[in-house]
Each structure stands twice: as C-alpha cells, then as structure tokens.
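Data first, discussion second: the structure below is written as structure tokens.
Each value in this text was obtained by applying a stated rule to the coordinates, not by laboratory testing. None of these values were measured; they are calculated from a predicted model. A quick note on method: Cβ atoms are made from the backbone with ideal geometry, for glycine too, and the neighbour counts reach across all protein chains shown.
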Amino acid sequence: MVLSLLPDLGKRTLVMGILNVTPDSFSDGGRYTSIEAALAHARQMIDEGADILDIGGESTRPGATEVPQEEESARVIPVIERLTAGGCPPISIDTYKAATAEAALKAGAAIVNDVWGLQREPDIATVAAAHGAPVIVMHNRTDIDPSLDIIEDMKAFFERSLTIARKAGVPDEHVVLDPGVGFGKTFEQNVQAVARVGELKALGYPVLMGTSRKRMIGTLIGPERPVAERLVGTVASNVAAILAGADIVRVHDVAAHRDAAAVADAIRREMR
Ligand code: HH2
C-alpha cells in the first residue's frame, strides 16, 4: 500500500532522492557508476532525510541510448541488494522494463517508477501487482506538440495507464501520477505541468513532481549557466509545485528540499 509503505504521504511533502547508476545521466551521469560510489551517495541522501530513493540504470534524457535490460539490471541490482540489506527508506526502481522491475522488486525495491506510464511494457503492471508494489505513472510523449493543452493530454494518457493498472490488479491506492516535466513537452508545457498540478490532483491520486536541474530551470535562469547552478531554481519550482498540490518531489539535492518542503508545507496547511 502506498499508505503503509509511506505513512506520511499526504501529510507532508515527501522527498525522493535520485540515484542514477548510469554513465550518461544529464546532470550526474558517470559519478555513481561504481557500487561503492552509488552506496555512498545513497547513504548521504538517507542522512539528509530522503523518504524514498529512486534508483535508475538507464538515462532517460533526450538523446540517451537505450540500455539492454540485462545491463540495466546489472547496474542497479547490486546497489538495491546492498542498500536493503542495511535497512533504508523504500526504494523505487526507475524503469519502464518489466524484467528490470521484477529483478529490482525481488532484490528489495518496493515501488515501480515508470517514465512511460506502464504503456511501453504493460507487463510491468502485472509485475508490480504480483509484488504489491505501488506504481508511479509518468506522462510521456514520443513527439512534442505545441498545439496541445498538455494537461488534457495527461488526463487521457493517465486514463490509459489506469486501465492497464486495473486490468493487471494494481489497486487505485497504489497509483501515483507524475506530469513528466521534460518529457515530450515544450518549455511552456513544462511550466504548465508545474502550475496546473491542482488539475491533476483533482483526479484523486497523489502527484509526484520531477523538475530537478532540468532544462526548464536552465531556460529560466540562463541556459549558458552550468547545470550545477540550477539548485535555487529547482527549489523555487518545487515550492511552487508543493503549494499547487504536489505530494512528492524527486530531487538530486535532498537536504535543501527537506528545508524547503518544511516551510512550504506549513504555508500550504494555512492556505484557503
Ligand atoms: N525524470 C527523470 C528520470 N526519471 N521519473 C519520474 N517519475 N519523474 C521524472 O520527472 C523523472 C523520472 C530524468 O531525470 P534524471 O534521472 O536526473 O536524469 P536521467 O534520466 O538522464 O538519468
């Protein structure tokens, strides 16, 4: 259950720390490819108060090469095994591949985070259901269409994902929605994905927001600035998302977001 696994969900904003065990992720690729480096980074995020660790073995940035399933599993499974052996917050596996999700859940991961919303390999929903694992259903598109009302497109996309989830036996309480900032959207549509979170919340599911260090932030603060300078812009976007209704923020910088979420949550509680 989302609720028993994450008892604070809905009571305060949860912070999901990003652990990319990839050589080519856009902001931290190559930094955590050795198991020891990945574990050290995970421990740092746990110390900083991460509520969830999101582990991925394939970069999803535009232009990244797809990784064979075996290679993706080989990158993430040893890290998941070592982390869960020592006790840690719930781990989500960032994959759209059913076999990787299966291996990760067997190794101790508890949540499936699918950037294709269960629609690339629908068997992933059966895998999640068999393990009783919640699923993060992210909106995505193969093409960018500036003429779209992106929130309406998300609603139609999520309807398809929810049909797959229900058919596979994933209960509604195990679904988290994510507008997928940076995936198949124009800059304006990415900004709308944050601003209009309330419309997604109205669907009745918790919402996760992932803006961390993404190009949208760079566009706003100055595209010539290095990715490492996107922290303040990222925090600003996540505070806005929290005030608009986001329940979980997926971030590289856990400590900064724990502080920001504490302040934003207190203000949100007093909003009418
Ligand atoms: N963004 C990325 C990867 N996975 N999952 C969810 N649910 N939401 C997101 O917004 C999201 C995600 C891309 O960011 P990152 O992991 O930092 O980079 P890369 O895909 O290059 O590894």
The chain, relative contact order [Cα under 8 Å, separation at least 6], %: 19
The long-range amide H neighbours of Y205, using H built 1.01 Å from N in the peptide plane and a cut-off of under 5 Å, are none
Set K11/K185; K97/K214; K106/K185; K106/K201; K11/K106 screened for pairs whose C-alpha atoms are more than 26 Å apart: K11/K185; K106/K185; K106/K201; K11/K106
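Tell me what the chain gives for mean residue ellipticity at 222 nm when only DSSP H runs of n ≥ 4 count, each as -39,500 (n - 2.57), the sum divided by the residue total, rounded to 500 deg cm²/dmol. Show your work: numbers first, answer last.
Values: 11 runs with 124 residues, N = 272.
Dividing the helical sum by the residues of the chain leaves -14000 deg cm²/dmol.
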Less than 13 Å Cβ to Cβ from V112, Lys/Arg counted +1 and Asp/Glu -1: what total charge do the surrounding residues give? -4
What list of ³J(HN,Hα) values in whole Hz, one per residue of the stretch 205-215 in order, does the Karplus curve 6.51 cos²θ - 1.76 cosθ + 1.60 (θ = phi - 60°) give from phi, with Gly and Pro shown as x? 10, x, 10, 9, 10, x, 9, 3, 6, 6, 4
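Sorting check: for 127-135, 60-68, 199-207, which peptide has the highest mean count of neighbouring beta carbons within 10 Å, and how do the rest follow? Before the final figure, lay out the partial values.
Details: 127-135: 21.2, 60-68: 13.1, 199-207: 16.9.
Most protected by this proxy first, the peptides run 127-135, 199-207, 60-68.
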